[in-house]
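Below is one structure; the comments refer to it alone.
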Amino acid sequence: MPILNESLLRTRIFISRGFRRGRCPYCGHYYWTLNPSQDNCGDQPCTPYGFISNPPGTYRPESIKDVRERFLSFFEKRGHIRVARYPVVARWRNDVYLVGASIYDFQPWVTEGVVPPPANPLTISQPSIRLTDVDKVGRSGRHLTGFEMMAHHAFNFPGKEVYWINETVEYAHEFFTRELGFRDDEVTYKENIWEGGGNAGESFEVLVRGLELATLVFMHYRVIGDEYREMPIRIVDTGYGLERIYWVLTGKPTIYEAVFGGFLNKARQLLGLPKPDEKMLASLAIHMGQLDPEVLALDKAYVEVAKRIGVNSTELINFIKPQEALYVLADHSRTVSWMINDGVIPSNSGVGYLARLLIRRMLKYMHIIDAQIPLTEIFNAHLNYLINDYPELKESMQLILDLVDLEEAKYKSAISQLPKLISRIKGELTINDLINLYDSHGIPPEVVRDEAAKRGVGVNVPDNFYEMLAAKHQKPAKGEEGNKLDVTADDVIDLPPTRELFYENTYMFEGRAKVLKVIKSKYVILDSTVFYPEGGGQPADRGVLRFNGTEAKVIDVQRVGPVIVHVIEGPAPGVGDVVEMRVDSERRLGLMRMHTGTHILLQSIRRVLGKHVWQAGAQKDIPLSRLDVTHYRLPTQDEVRRIEELANEVVLSDLPVKVELMPRNEAEAKYGFIIYQGGVVPGGKVRIVKVGEGNDVYDVEACGGTHLDRTSRVGLIKIVKVDKIQEGVIRFIFTTGKYALDYVRNLEGKLDSVANKLKVGRDDADNAVDRLLRELNNVEERSRILARKAIEADLANIVKSMINIGEFKVAVYYEDYWIKDYLQELASKYPGDVLILIHGKEYQVYTNGKVKAINVAKILNELGGKGGGGSTFAQGVFNNPVKQDDVVNAIKGKLI
């Protein structure tokens, strides 16, 4: 980690305006100020809040929207282009799930110089989500999981300077003093180093009356392991906290009262909670702010705060618990709404895990305050406020409510199983037990603790439990890296990129190429190829290479960087040879039908099930392909039928399928982030596959696969099977073209076979099956009547044979009807204590619990045999047939 470069931070405004550089005696950080009496950095916990009930500045906004607009307009007037906010789900990245700051929008493609920024300089207000401090939400008075980061960015490329540190600090100071009316000597600049998303740089934290309102980062390092390397691009990365600025301007006791005030009043009405004493809240917020990060150690924090403000700690806890719950409900409901609106389905994996974590925390707090209303009422109330600021939530409002309702039902089901789950755990409950109960069943540790306490078992719940969980699930798990071959980038570093003829003409199945290199007699590199390498869920082409009167089979094709490697079986050509390439065209065309069919099917699923559907995985193959999508329940038969009909309507419409290589920024601006349905696509340019044109565009995706040129060439699309493969993921198995026709013919063959067996025509098979089922039902009903009569007869004989052995009534009976349901009903009507039923060499033992069935089985096994069971039922097998008297004699004297 580099030492902070002090010379970089001696800015023009500091020198010209006479700022003084001091060092905080508490935290050791250096800071710049115009206040001659300031003796610390001005940040928590080194100084208390000075704005609560006493807001600084002259500007008093009517709403938080006014602050956002004031910021964006300020920078627009100073040459910045306003950029629309990005989604909170980072679809363009494979290293994080959620956008945690505005710079995430431009990592890694802009920050690495792969693509230009959408504007330069630019300004944006980006909704962001961070769960690193999730356990502090509601307690500290200032922490949020979801927030808006207002920002201005400048990207300084070699030879093209926009602006750097001097201008950035001057903009900040002008905004806070002239736009918001803060006094010059109230704005402090604290020196620091910032790191995130693989980049780093010196920074200033901008503080006013004890609260950090902005961070100005001067990004010029790339972080590689523990090493910081200079970047050719120098980036101004700023972050102004919209909610924090609004909080300071209102002087409210907590950030939640400022930002969510209207909703909190409504929530208190719904939950029957009184409005809190604002003076108590204000005092609490000031002291809890200074105790951060000790705010997590609640017992200690509350005792300390109670001592400072002169109240009993129990009284303080009773006061703060309902407020903490309300604040969590306010913050989490907004964050979850953002997530679901951007296509997140709560689940046990991926980004869905994080959404579920927040919902479960909300349900935990509903439990703590003994809320008597469903969580959906809280969401509904908050959404009615949120749609004024985030109108896009209106369209997804019903989906949000449906998913929250579903999550609450699952939560209640899990809670009902808690006593049984805890009983299986022997001894003290460990942190691993708590994590397992949460991850496997979704049960919050606090609820586990309460249930365990009823059994006299102590449970220690870590104060940062949810932060621990979130940290494990913040980033996607890294898959296998590299290629499947024992060929490395060093092996092909001296070769030019392979010309990709399969892209130039996807219907080119033959061609000639020159051999550039042969590795280990089985890896062949050509100057150009018609063979498609495996990628994007599409298998590699197969075929042959012909040369010098012989041929080698191509059994696999893979990319190694920009070079395409052909894996051969058979004799290898020599370097410099010209080979004739022949792709298995029937197989390639089948895969092209599957790939284009996947795009059509995915869009059809979205149009029937909803815009929240995103591709979660796909494998194009023949004769069957699979498509995994995010959805919260198994589609109905009618929905599957509509999806299939819609997909085939697109096929029959004979829409053009066009491929275009576009700059990434241009593609995102034109089509949106929906282009990343198939996952992240690397590079400055993306290959856009568009189904339809003009007003008839049906689907647009970034894709590297081979496609047909018109939808009609796909042929029939047939959905074969639909399964729920995991929480929040549905798998569609489907087929296309001649394989779909083969599948339908196979079904027809099975239908004909059934019809022949029923001795009817194919068209009357379903009616014949209905008649057969009715007949079977009649037979079953007659069988039940006969069985009841047989049970009555058997029961009468059993009761007659019942004997007393000690204090127990016992019957040993040889039963002819050895049918499970029959035996169980017979045993349920038996009035004695022990019933032993024997059929040939098999036996079953039923008891009423006075004696354990397993103990009876152990006695019977002494006659020669084996068996086992439980308290009220056991079964086994004798080695040889036994007599009734032998059984009776065996248990006499041993039955206890």
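The values are calculated or read from the model by the stated rules, or taken from the named source; none is laboratory data. Because the structure is predicted, anything quoted here is derived from the model rather than measured. Virtual Cβ from ideal backbone geometry, glycine too; neighbours counted across all protein chains shown. Side chains included, ligands, DNA and RNA excluded: accessible areas come from the protein's heavy atoms. Shrake-Rupley method; radii C 1.70, N 1.55, O 1.52, S 1.80 Å.
Just the number, please: carbon plus sulfur as a percent of the accessible area of the stretch 787-869, 1.4 Å probe, no ligands or DNA/RNA counted.
Exposed carbon and sulfur together represent 49 percent of the surface.
Leaving ligands, DNA and RNA out of it, report the carbon-plus-sulfur percent of the accessible area of the stretch 267-411 at a 1.4 Å probe.
Carbon with sulfur: 52 percent of the solvent-accessible area.
With a 1.4 Å probe and all protein chains left in place, how much accessible area per residue does the chain have, in Å²?
44
Is the shape of the stretch 1-95 rounded, prolate or oblate, going by the alpha carbon gyration tensor and its root eigenvalues a ≥ b ≥ c, with a/c under 1.5 for rounded and a/b larger than b/c for prolate?
Verdict is prolate for the stretch 1-95.
Work out from phi, with θ = phi - 60° and the Karplus expression 6.51 cos²θ - 1.76 cosθ + 1.60, the ³J(HN,Hα) of each residue of the stretch 833-842, listed in order in whole Hz, and give x for Gly and Pro.
Rounded to whole hertz, the list is 9, 9, 10, 10, 9, 10, 9, x, 9, 8.
Going by accessible area, probe 1.4 Å, with all protein chains left in place, what is the ranking of Ile369, Ile555, largest first?
Heavy-atom accessible area, descending, gives Ile555, Ile369.
For the stretch 516-570 and the stretch 751-793, what is the separation of their C-alpha centers, rounded to whole Å?
Here the two parts' Cα centres lie 58 Å apart.
What are the trypsin sites (Lys or Arg not before Pro) within the stretch 364-469 that DSSP puts in a loop, where the Cβ has at most 16 other Cβ atoms within 10 Å?
Passing sites in the stretch 364-469 are Arg424, Lys426, Arg455.
Can you spot the aspartates and glutamates whose alpha carbon is less than 20 Å from Lys658's alpha carbon? Ignore those fewer than 8 places along the same chain.
Lys658 reaches Glu500, Glu504, Glu649, Glu666, Glu668, Glu693, Asp696, Asp699, Glu701, Asp709.
Please work out which option in (i) 121, 80, 51; (ii) 134, 74, 59; (iii) 111, 93, 51 gives Cα extents along the principal axes in Å calculated from these coordinates, and answer with its label.
So the structure-derived entry is (iii).
Give the ranking of Arg588, Arg222 by solvent-accessible surface, highest area first, calculated with a 1.4 Å probe.
Ranking Arg588, Arg222 by accessible area, largest first, yields Arg222, Arg588.
Using Cα pairs closer than 8 Å and at least 6 residues apart in sequence, work out the relative contact order for the chain, in percent.
Relative CO of the chain lands at 8 percent.
Determine the alpha carbon to alpha carbon distance for each of Lys789/Lys829; Lys472/Lys685; Lys472/Lys724; Lys809/Lys892; Lys789/Lys809; Lys136/Lys472 and list only those over 22 Å.
Where the Cα-Cα span goes over 22 Å, the pairs concerned are Lys472/Lys685; Lys472/Lys724; Lys789/Lys809.
Write out the trypsin sites (Lys or Arg not before Pro) in the stretch 738-798 meeting two conditions: DSSP loop, and at most 14 other Cβ atoms within 10 Å of their Cβ.
For trypsin sites (Lys or Arg not before Pro) across the stretch 738-798 that sit outside H, G, I, E and B with at most 14 neighbouring Cβ atoms in 10 Å, the list reads Lys759.
Could you sort 805-813, 334-342 so that the peptide with the highest average Cβ count within 10 Å comes first and the rest follow in order?
334-342, 805-813
Accessible surface of Val882 in the full protein assembly, 1.4 angstrom probe, to the nearest 10 Å²?
That residue has around 20 Å² of solvent-accessible surface.
Pairs to check: Lys65/Lys190; Lys65/Lys252; Lys275/Lys321; Lys279/Lys307. Give those whose C-alpha atoms are more than 23 Å from each other in this structure.
Cα-Cα > 23 Å for Lys65/Lys190; rest within.
Using 0.36 nm per residue of separation minus the Cα-Cα distance, give me the extension gain between Val744 and Asp226 in nm, one decimal.
Taking 0.36 nm per residue and subtracting the Cα distance, the gain is 180.6 nm.
Going through the stretch 1-76, which trypsin sites (Lys or Arg not before Pro) have at most 15 other Cβ atoms within 10 Å and a DSSP loop state?
Arg10
Name the shape class, rounded, prolate or oblate, that the alpha-carbon gyration tensor gives for the stretch 180-291, where a ≥ b ≥ c are the square roots of its eigenvalues, rounded holds for a/c under 1.5, and otherwise prolate holds if a/b is larger than b/c and oblate otherwise.
Judged from the Cα gyration tensor, the stretch 180-291 comes out prolate (a/c at least 1.5, a/b above b/c).
Taking a probe of 1.4 angstrom, what is the accessible area of Trp818 in Å², to the nearest 10?
Using a 1.4 Å probe on the heavy atoms, I get roughly 60 Å².
Leaving ligands, DNA and RNA out of it, report the carbon-plus-sulfur percent of the accessible area of the stretch 1-125 at a 1.4 Å probe.
50
In the structure displayed, which of Lys670/Lys718; Lys800/Lys852; Lys484/Lys514; Lys420/Lys820; Lys553/Lys620 lie more than 30 Å apart, Cα to Cα?
Listed pairs above 30 Å: Lys670/Lys718.
Mind running the shape call on the stretch 106-213? Use the C-alpha gyration tensor, a ≥ b ≥ c as the square roots of the eigenvalues: rounded below 1.5 for a/c, prolate if a/b tops b/c, oblate otherwise.
It comes out oblate by the Cα gyration axes.
Based on a Kirkwood Rh over C-alpha pairs, give the Stokes-Einstein translational diffusion coefficient of the stretch 62-161 at 4 °C and viscosity 1.567 mPa s in µm²/s.
D = 87 µm²/s.
Using a Förster distance of 56 Å, how high is the FRET efficiency between Arg17 and Asn505, based on the Cβ-Cβ distance and rounded to 0.05?
Calculated transfer efficiency: 0.30.
Counting pairs of alpha carbon atoms under 8 Å apart in space and at least six apart in sequence, what relative contact order in percent does the stretch 661-706 give?
Worked out over the stretch 661-706, it gives 39 percent.
Is it possible to state the helix-based mean residue ellipticity at 222 nm for the chain, with each DSSP H run of 4+ residues giving -39500 (n - 2.57), the sum divided by total residues, to the nearest 500 deg cm²/dmol? What is it?
When only DSSP H runs of four or more count, the value is -12000 deg cm²/dmol.
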